[in-house]
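K.L.:
What follows is a structure written as structure tokens; I'll ask about it next.
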Amino acid sequence: MDSPEHAIERVAQRVSEGGHHIPDDVVVRRYYRGLYNLVNLYIPKCDKWMVLDNMDLDPEVIAKYDEFGKVIVNDEIWSIIQQQSDGTK
């Protein structure tokens, strides 16, 4: 998910298909908290990890870490994730 606004749009789409509503402020809070948790809690504890952009039908690898080290495939998106995960939102 590339922005909290897009997450809000996705919730609205799901509501139109019969899903339950989540208030916008909750979606925004969860968006930033999820990125914070990914970068600051989960990734540091993993021996291997992969971050994917699955906004399209073909998921794109953004970054990964394994026994060969960290590889950043999409610098632009990885940088945005890093910036948005600072916990200040």
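K.L.:
Which of the residues spanning the range 60-89 are among the hydroxyl-bearing types (Ser, Thr, Tyr) and either farther than 17 Å from Asp2 by Cα or in contact with a strand residue (DSSP E or B) (Cβ under 6 Å, 6 or more places away or on another chain) (or both)?
P.N.:
If we filter the range 60-89 for residues that are among the hydroxyl-bearing types (Ser, Thr, Tyr), which is where we start, we get 65, 79, 85, 88.
Scanning the range 60-89 gives Tyr65, Thr88.
K.L.:
If you take the residues of the range 46-59 that are assigned to a strand (DSSP E or B) and not charged (D, E, K, R), which of them is farthest from Trp78 (Cα to Cα)?
P.N.:
Within the range 46-59, the first condition is being assigned to a strand (DSSP E or B), and the residues that meet it are 49-53.
Now narrow it down to the ones that are not charged (D, E, K, R): 49-52.
Details: Trp49: 14, Met50: 11, Val51: 9, Leu52: 10 Å.
Checked the range 46-59; the qualifying residue farthest from Trp78 (Cα to Cα) is Trp49.
K.L.:
Identify, from the list Tyr36, Tyr31, the residue that is surrounded by 12 or more Cβ atoms within 10 Å (Cβ to Cβ) and out of contact with any helix residue (DSSP H, G or I) (no Cβ under 6 Å at 6 or more places or on another chain). Show your work before the answer.
P.N.:
Details: Tyr31 fails: out of contact with any helix residue (DSSP H, G or I) (no Cβ under 6 Å at 6 or more places or on another chain).
Exactly one residue qualifies, and that residue is Tyr36.
K.L.:
Which residue out of Ile62, Ile80, Ile43 is of a type in the set (A, V, I, L, M, F, W, C), surrounded by 15 or more Cβ atoms within 10 Å (Cβ to Cβ), part of a helix (DSSP H, G or I) and within 12 Å of the chain's Cα centre (by Cα)? Outline the logic, then answer.
P.N.:
Values: Ile62 fails: part of a helix (DSSP H, G or I); Ile43 fails: within 12 Å of the chain's Cα centre (by Cα).
One residue alone meets the criteria, Ile80.
Only the coordinates and a few stated rules stand behind these numbers; no lab work does. These numbers were taken from a predicted model, which means no experiment stands behind them. Counting neighbours? That spans all protein chains shown, and the Cβs are built from the backbone with ideal geometry, glycine included.
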